[in-house]
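See below for the structure under consideration.
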């Protein structure tokens, strides 16, 4: 997999590059700001761009704005956004643009196997949303109060992009039990069931975004 990394902190940028190269991937470009990132993506057309949310010059949402531009202009490049803090701005819009998008807190990089799996899933056209970001959306959405604690946990893992089998392994449940929880929560939220992983994520976030105004960070 060919990857471009955009991160203004040199130590983290080089650390990410090392992890990915050790896993057999090729880092074809590194950027410290959004403008260089966009130029590198246009030049190399990588399978994946890993993008920090806050970069020079404003250290605000340059990364997510660049991510939106990449997804609009380079559909063959998946985007994995990394953030130091929980931010929900632009999440629904970016995921709704189609498969191949992820949004993780930087702490997730410490679990190397999980981070690499998320990067590969996103590059393959799937989704990977940090459970804390999803929890932030869930907490602000009143109708989700009808869900049980277990159903909320399944919903958060579903939004990460996990399959029923993946959720079952994470929660130490049988796949049949997870399937039952998914059916129940979709019924409670009036959402159509789907076997397609990304469409499940879209359904969840579309429901959250429909009634949840974006309040920024």
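The values are calculated or read from the model by the stated rules, or taken from the named source; none is laboratory data. Computed from a predicted structure; not experimentally measured. Positions of Cβ are backbone-derived with ideal geometry, glycine not excepted, and every protein chain shown enters the neighbour counts.
Quick rundown of the values:
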| item | result |
| --- | --- |
| Test: residue in segment 98-106 that is at pLDDT below 85 and within 13 Å of the chain's Cα centre (by Cα) | yes |
| Check on residue 18, assigned to a loop (DSSP other than H, G, I, E, B) and surrounded by fewer than 17 Cβ atoms within 10 Å (Cβ to Cβ) | no |
| Number of positions in segment 1-13 that are within 21 Å of the chain's Cα centre (by Cα) and exposed (fewer than 15 other Cβ atoms within 10 Å of the Cβ) | 1 |
| Residue among 37, 80, 104, 94 that is free of Cβ contacts under 8 Å to residues at least 60 places away in the same chain, crowded, with 19+ Cβ neighbours inside 10 Å and more than 14 Å from residue 16 (Cβ to Cβ) | 94 |
| Residues (surrounded by fewer than 17 Cβ atoms within 10 Å (Cβ to Cβ) and over 23 Å from residue 107 (Cα atoms)) located in segment 45-59 | 45, 57 |
| Residue, surrounded by the fewest Cβ atoms within 10 Å (Cβ to Cβ), within segment 172-211, restricted to residues that are outside any helix (DSSP H, G or I) and at pLDDT 80 or above | 172 |
| Condition check for residue 149: in the same structural domain as residue 105 (by TED's automatic domain parsing), at pLDDT 80 or above and out of contact with any helix residue (DSSP H, G or I) (no Cβ under 8 Å at 6 or more places or on another chain) | no |
| From 118, 124, residue being over 21 Å from residue 181 (Cβ atoms), crowded, with 23+ Cβ neighbours inside 10 Å and either modelled with pLDDT of 90 or more or in the same structural domain as residue 11 (by TED's automatic domain parsing) (or both) | 118 |
